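Worksheet: the structure to be examined is printed underneath.
The values are calculated or read from the model by the stated rules, or taken from the named source; none is laboratory data. What you are looking at is a predicted structure, and each value in this text was computed from that prediction instead of being measured. Neighbour counts are summed over all protein chains in view; Cβ atoms, including those assigned to glycine, are modelled from backbone coordinates with ideal geometry. Only protein heavy atoms, including side chains, enter the accessible area calculation; ligands, DNA and RNA are left aside. Shrake-Rupley method; radii C 1.70, N 1.55, O 1.52, S 1.80 Å.
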Amino acid sequence: MKRSLMRWGGVVLLLASALLSGCAVGYRLDNAVQSFSSLQALPPSPTYRFEWLPSQRGRPEQVALESFADQALFQAGLRRDDASPRYAVQLDASTQRMLSPWADPWLGWGGGWHPGWGVGLGTGYNRGLALGLGIGGPFFPRNDQIWYHREVRVLLRDLQTNQVVYETRAINDGPWLDSASVFPAMFTAALQGFPTPPPGVRRVDIQVGGKQG
């Protein structure tokens with residue numbers, strides 16, 4: 001019994017160590033980006049303010065999107081100025097949770113012995129091994145089989161002409177759960193090449209966390 005528990009403890013420590021190492025190293029977020037522009041260059045004062053669609057008003061997540069996009073817009077050469085903007089910026093983002101395309105849809109079904117709490121036949125509760133049945137399958141996917149499809153979109157409208165002068169979007173599919181880290185990187189990818197991006201769909205990789213390289 002002690003040896004069995006020691007083995008389980010070793011597995012837990014190994015997994016924890018791997019997760020911590022992964023967080024320290026970070027990861028490369030690959031994005032499919034497509035942009036359209038009528039700009040040849042930025043004007044001397046490329047200021048902007050955020051503009052909300054009627055459907056976006058009152059949504060607290062819209063404020064979060066602005067904070068995610070602010071740094072990417074700054075890196076692109078734009079400066080926020082709510083009092084005297086040259087451009088209006090509209091943001092949108094979506095996340096769809098699904099089963100990983102590489103997941104075994106039936107992984108997780110079956111019985112097995114797992115450490116836990118078992119109810120004794122006598123009085124009270126006895127700590128020991130309990131027979132457990134792992135519920136998985138297509139209706140109960142395991143956490144390590146979850147996949148996320150995300151998309152961010154940015155529109156830049158010239159307030160002097162009322163014309164949309166820049167449109168871009170970035171799409172990512174992957175296992176990354178933390179939207180607060182993923183969305184800023186996706187906005188950075190979407191604005192890469194601004195204001196004269198290359199034509200067509202292109203792949204843009206952005207380092208998330210860890211050492212930049």
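Assorted remarks:
- Applying a threshold of 6 Å to beta carbon distances and a minimum spacing of six or more residues, or different chains, the list of pairs starting in the range 37-56 at a residue that is aliphatic (A, V, I, L, M) and ending at one that is loosely packed, with under 15 Cβ neighbours inside 10 Å reads LEU42/GLY77.
- For the range 202-210, the condition holds for at least one residue, the condition being that it is in contact with a Ser or Thr (Cβ under 8 Å, 6 or more places away or on another chain), open to solvent by 30 Å² or more (accessible area, probe 1.4 Å) and either without any contact (Cβ under 8 Å) to a residue 12 or more places away in the chain or in a loop (DSSP other than H, G, I, E, B) (or both).
- When the range 28-85 is filtered for residues that are surrounded by 15 or more Cβ atoms within 10 Å (Cβ to Cβ), over 25 Å from SER179 (Cα atoms) and touching a strand residue (DSSP E or B) at 6+ places or on another chain (Cβ under 7 Å), the ones remaining, listed by number, are SER37, LEU39, PRO46, THR47, PRO85.
- All positions within the range 145-201 that are outside any helix (DSSP H, G or I) and of a type in the set (S, T, N, Q): GLN160, THR161, ASN162, GLN163, THR168, ASN172, GLN192, THR196
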